[in-house]
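For reference, the structure discussed in these notes is given below.
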Amino acid sequence: MNELSPAETAARLAEIVGEKYVLTAPQDMAAFMTEPRDLWHGKAACVVRPGSTKEVAAVCAFADQHGLKIVPQGGNTGLVGGQITDRSGKEVLLSLGRLDKIREIDPESNTMIVEAGVTLQKVQEAAESVDRLFPLSLASEGSCTIGGNLASNAGGTAVLAYGNARDLVTGLEVVLADGSILENLSKLRKDNTGYDLKHVFMGSEGTLGIITAAVVKLYPRPRAVETALIGLASPEKCLELLVLAQSMAGPDLKTFEFMSRFGVEIVVKHSAGAREPLESPHEWYVLLELASQSESGLNDKMMALLEAAFEQEIVEDAAVAASLDQRKAFWALRENLSEMQKFEGGSIKHDVCVPVASVPAFLAAATPVVEKTIPGARPVPFGHMGDGNIHFNVSQPVGAEKEAYLARWEELNEAVHAVVKRMDGSISAEHGIGVLKRELLPTVKDPVAMNVMRRFKAALDPHNTLNPGKVL
């Protein structure tokens, strides 16, 4: 097989998608070659922007036949490098941004068919237009795309009630490495006809196939929402509150997010308009939200929950949002937390999961491990206590040199992940593996499971055409 030059590759791909949808100039490709954390910088033969599933299929078939490598990219909000090309300048970045159509909304079936390049926010808004809810919610929802959400099995703030991204799908359309199209845009909630193939591709990070469209589940829109910001003394008290909320609110409990005092301080200090949420500071905070299909009674349920929590000495203080603006202010404390960390210097990230009951023990064990590994480093734990997903970010010591601190990323990861492993947890809760955790994966994954994953890859992509070097 004769290797094509970058110019030949671009010319042949232009015949498929049109010349203006193949980018070759470095300045035109620049936005596709780096990612939010600025940890990876790729080079590519070109960026190709197909406008339909058939064009994606034709690009993949061409690549597979000519030994080219394809790196799929959605909204480029991924945090583990899975959407960035390598530095060889030979890989082709395939952007799905032009596959941005909502093909169908079916409120009676509570489903919607969306293309991979539709932003999560647009999916949410389309659901709202027919008085429905699409519950996946992420801080990056204005720019992340549904294809990327599914390829990485995103989590977000509503997992407690609705599950991860893979739980919100009934069918997929997927382009395989050889250009064949798996057409499985099923609306069925029940289909027991053999292997459930959609789950092979969700969470595979574009290494087994390229998701081009999906049938997503819709839900009735809540008629009432109550949001509280709560101050507590310890992670143990946060867990007690979760158990109480689950028993008293049942299915109306939609969100249970926790934040440390330092995390709230960062947002208040660096985010315009942010303010202290309660009269006095607390070591820990919980953002708790109830939602119901009933227009009345939810406020009473929230007040009863908080009254019980005070009586049992679980919480120290609480405020219930009295307006939409106050609700948004509470949410901004949580949603801006990761972004505001950059103003405190370098931040080493951990996206981990432990059994819910082990969250306080993890925090108690991991914090001294950080101090021992890098004295003065400042943990900023926050996340989804309802499902055990902790974003255990660690800001650099005050006055430290950023690059020198970030150079110790792997060392600190290893120390923190050792704690996770002891607790039978996961080193990746919702961000995926990508490049960042590729070498770590075999150290924590069952060897048989790793072998099965490699066999899946070999069967579906024998020429290693799709996203090489990612995950495996």
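The values are calculated or read from the model by the stated rules, or taken from the named source; none is laboratory data. This structure is a prediction, so every number in the text was calculated from the model and none was measured. Here Cβ is always computed from backbone atoms with ideal geometry, including for glycine, and neighbour counts include all displayed protein chains. Protein only, heavy atoms only, side chains kept; ligands, DNA and RNA dropped before computing areas. Shrake-Rupley method; radii C 1.70, N 1.55, O 1.52, S 1.80 Å.
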Residue check, ALA449 over 21 Å from the mean Cα position of the chain (by Cα), farther than 30 Å from THR34 by Cβ and open to solvent by less than 40 Å² (accessible area, probe 1.4 Å): yes
Can you pull out the residues in the range 424-446 that are buried (at least 19 other Cβ atoms within 10 Å of the Cβ) and farther than 13 Å from GLY78 by Cβ? GLY425, ILE427, ALA429
In the range 180-200, what count of residues is obtained for those that are open to solvent by less than 60 Å² (accessible area, probe 1.4 Å), assigned to a loop (DSSP other than H, G, I, E, B) and within 11 Å of VAL215 (Cα to Cα)? 2
Within the range 158-179, the count of residues that are open to solvent by 20 Å² or more (accessible area, probe 1.4 Å), in contact with a strand residue (DSSP E or B) (Cβ under 9 Å, 6 or more places away or on another chain) and in a loop (DSSP other than H, G, I, E, B) comes to 1
Check whether at least one residue in the range 201-221 is surrounded by fewer than 23 Cβ atoms within 10 Å (Cβ to Cβ) and on the phi > 0 side of the Ramachandran plot, and report yes or no. yes
Among SER426, SER395, which is the only one that is under 22 Å from the mean Cα position of the chain (by Cα), closer than 24 Å to ASN164 by Cα and not charged (D, E, K, R)? SER426
Wholly within the range 1-101, helices (runs of 4 or more DSSP H) carrying at least 1 residues that are in contact with an Asp or Glu (Cβ under 7 Å, 6 or more places away or on another chain): 6-17, 53-66
Picking from ALA309, ALA304, which residue would you name as being within 25 Å of PHE362 (Cβ to Cβ), open to solvent by less than 70 Å² (accessible area, probe 1.4 Å), at pLDDT 95 or above and over 23 Å from the mean Cα position of the chain (by Cα)? ALA309
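Every residue, every condition in (1) surrounded by 16 or more Cβ atoms within 10 Å (Cβ to Cβ); (2) more than 18 Å from LEU232 (Cα to Cα); (3) among the β-branched types (Val, Ile, Thr), yes or no:
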| residue | (1), (2), (3) |
| --- | --- |
| ASP325 | no, yes, no |
| PHE330 | yes, no, no |
| GLU339 | no, yes, no |
| GLU344 | yes, yes, no |
| ASP351 | yes, yes, no |
| PHE382 | yes, no, no |
| MET385 | yes, no, no |
| HIS391 | yes, yes, no |
| GLU401 | no, yes, no |
Look at LEU298 and say whether it is under 19 Å from MET385 (Cβ atoms), open to solvent by less than 80 Å² (accessible area, probe 1.4 Å), at pLDDT 95 or above and of a type outside the set (Lys, Arg). no
With the structure loaded, tell me whether VAL320 is at pLDDT 95 or above and farther than 22 Å from LEU363 by Cβ or whether it fails that test. yes
Looking at this structure, is ASP64 among the charged types (D, E, K, R), modelled with pLDDT under 95 and within 30 Å of LYS437 (Cβ to Cβ)? no
Any idea how many residues of the range 102-134 are over 26 Å from THR207 (Cα atoms) and either of a type in the set (A, V, I, L, M, F, W, C) or in a loop (DSSP other than H, G, I, E, B) (or both)? 11
Under 7 Å between Cβ atoms, at least 6 apart or on separate chains: pull out the pairs that start in the range 448-472 with a residue that is without any contact (Cβ under 8 Å) to a residue 24 or more places away in the chain and end on any residue that is assigned to a loop (DSSP other than H, G, I, E, B) and open to solvent by 60 Å² or more (accessible area, probe 1.4 Å). MET453/LEU472; ARG454/LEU472
Flag for ILE374 being open to solvent by less than 60 Å² (accessible area, probe 1.4 Å), in contact (Cβ under 8 Å) with a residue 60 or more places away in the chain and touching a Lys or Arg at 6+ places or on another chain (Cβ under 9 Å): no
Can you name the condition, by its number, that TYR195 falls short on among (1) without any contact (Cβ under 8 Å) to a residue 12 or more places away in the chain; (2) closer than 30 Å to VAL130 by Cα? (2)
Residues satisfying the stated conditions in the range 353-368, i.e. among the hydrophobic types (A, V, I, L, M, F, W, C), part of a helix (DSSP H, G or I) and open to solvent by 30 Å² or more (accessible area, probe 1.4 Å): VAL356, ALA357, ALA361, ALA364
